[in-house]
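Below you'll find the structure, written out as structure tokens, and then a few comments.
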Amino acid sequence: MTFNIYKISFPVFLRTIFFLLVLNACKNNSTQQTESETKTTDSLSIKLNSPELKAINAKLLQDPDNADLYDSRATIYISLKQFPAAVNDAKRAIRMDSTKANYYMTLVDAYYTQNNTRLAKDLLEIVEKKFPDNVDALLKLSELFYVVKQYQKGIDYVNRALKINDRLAKAYYLKGSIYRESGDTTRAISSLETAIEQDNKYENAFIDIGIMYAARKNPIALEYYNNALRVNPSNENTVYARAKLLQDIGKIDEAIIEYKTILAKNKNCENCYYNLGAIYLEIKKDDKTALENFTNAITLNPSSAQAYFARGYTYFKLKDKESARADYNMCLKIQPNYDAAIQALNAL
């Protein structure tokens, strides 16, 4: 049997996607996630007693008729995911002064953040009529139509916002996102470039253009990832995206360095281990190092059928058929219809 990841020339039963072709964030292991969830209540308790909230409560005691304070407290409650309290404060601010568009937008945020898009949309339509030049409302409406895949309506609202202010980086970014989602990458890139012209530190615009070029395995994507990292050097996902692109365009040694750089800071990057395993197995012909990396990926995600299949194949190359059989069986236990594992088992 041969197993050439790049040329896909191996037999039919091994034709599985070996590299992670979809750009994913580095995953934390499940144990850490569980521990994090158990801390949620304690963390929220601390936040609800935060100096910021205490300070604004103290101000409200001194000035209970100040609508701005209720609006500010609503924003804090949204950040703490205390939505009923946020809604109450936002509505109170509006009752106290219905001429402030930002109070309505705070209430929109409270609805939208808790996924109550119907109430958010209804309120935005009120804001649109009451404050026709409010670009925030127009862009939020565009975003809502984007989410429900009504792309032309989304574009229409962006264009209305741009007629009011043609220098809105966020508007061009949203327009680019809509074009990208609808499959028009040429217009998407053009709009995202315009967003960058308006704001040369628009990290997400750099990243999104990089992703589109990376999908074509175009090395120009590196330039956009590098620009994104100049804006935010600590974004691990961007470093991962750059590493994956280097891997895809054949700059293997540079990719290895990138993956190891991520792992030096975050030992929980499952995809880094998986991709390193693929590189060492197929490119470096170092089966033992590949085995170690696939094992690390499995340790972080014991439910990864793909990683078990990859390690099983590595065991097969190391002439350890019993371990290969065990991993193929585990792969099938997780994903019973994994054809490559079924056929690999039959070939043992």
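The values are calculated or read from the model by the stated rules, or taken from the named source; none is laboratory data. Note that the coordinates shown come from a computational prediction; the quantities given were computed from them, not determined experimentally. Positions of Cβ are backbone-derived with ideal geometry, glycine not excepted, and every protein chain shown enters the neighbour counts.
Comparison of K284, K251 shows that the only residue that is assigned by TED's automatic domain parsing to the domain that holds C331 and of a type outside the set (V, I, T) is K284. Restricting attention to segment 317-328, and to residues there that are more than 32 Å from the chain's Cα centre (by Cα) and not basic (K, R), which single residue is surrounded by the fewest Cβ atoms within 10 Å (Cβ to Cβ)? Looking at residues that are more than 32 Å from the chain's Cα centre (by Cα) and not basic (K, R), I get E322. Would segment 326-346 turn up any residue that is in contact (Cβ under 8 Å) with a residue 40 or more places away in the chain and small (G, A, S)? Checked against the condition, which is being in contact (Cβ under 8 Å) with a residue 40 or more places away in the chain and small (G, A, S), segment 326-346 yields at least one hit.
Could you say which residue among A195, A205, A214, A169 is in contact (Cβ under 8 Å) with a residue 40 or more places away in the chain and under 19 Å from V231 (Cβ atoms)?
Working: A195 fails: in contact (Cβ under 8 Å) with a residue 40 or more places away in the chain; A205 fails: in contact (Cβ under 8 Å) with a residue 40 or more places away in the chain; A169 fails: in contact (Cβ under 8 Å) with a residue 40 or more places away in the chain.
Going through A195, A205, A214, A169 in turn, just one is in contact (Cβ under 8 Å) with a residue 40 or more places away in the chain and under 19 Å from V231 (Cβ atoms): A214.
Based on what the data block shows, is T295 β-branched (V, I, T) and under 27 Å from K317 (Cβ atoms)? If you could, list the steps in order and put the result at the bottom.
Values: β-branched (V, I, T): yes; under 27 Å from K317 (Cβ atoms): yes.
So T295 passes the test.
Can you say whether K260 is more than 30 Å from P233 (Cβ to Cβ) and either under 23 Å from the mean Cα position of the chain (by Cα) or among the basic types (K, R) (or both), as far as the supplied structure shows? No.
Taking segment 114-171 as the range and being of a type in the set (D, E, K, R) and either within 26 Å of S79 (Cα to Cα) or in contact with a His (Cβ under 7 Å, 6 or more places away or on another chain) (or both) as the test, the residues that pass are R118, K121, D122, E125, E128, D136, K140, E143, K170. Exactly one residue out of I262, I220, I256, I279 is among the aliphatic types (A, V, I, L, M), in contact with a helix residue (DSSP H, G or I) (Cβ under 7 Å, 6 or more places away or on another chain), surrounded by fewer than 23 Cβ atoms within 10 Å (Cβ to Cβ) and in contact (Cβ under 8 Å) with a residue 60 or more places away in the chain, and it is I262. Summed over segment 75-121, the residues that are part of a loop (DSSP other than H, G, I, E, B) and either out of contact with any helix residue (DSSP H, G or I) (no Cβ under 8 Å at 6 or more places or on another chain) or farther than 26 Å from P132 by Cβ (or both) give a count of 8.
Taking only segment 234-284 into account, find how many residues are on the phi < 0 side of the Ramachandran plot and in a loop (DSSP other than H, G, I, E, B). Lay out the reasoning, then the answer.
Step one: filter segment 234-284 for residues on the phi < 0 side of the Ramachandran plot, giving 234-249, 251-284.
Those still in the list that are in a loop (DSSP other than H, G, I, E, B) too: 234-235, 249, 251, 266-269, 283-284.
Counting residues in segment 234-284 that are on the phi < 0 side of the Ramachandran plot and in a loop (DSSP other than H, G, I, E, B) gives 10.
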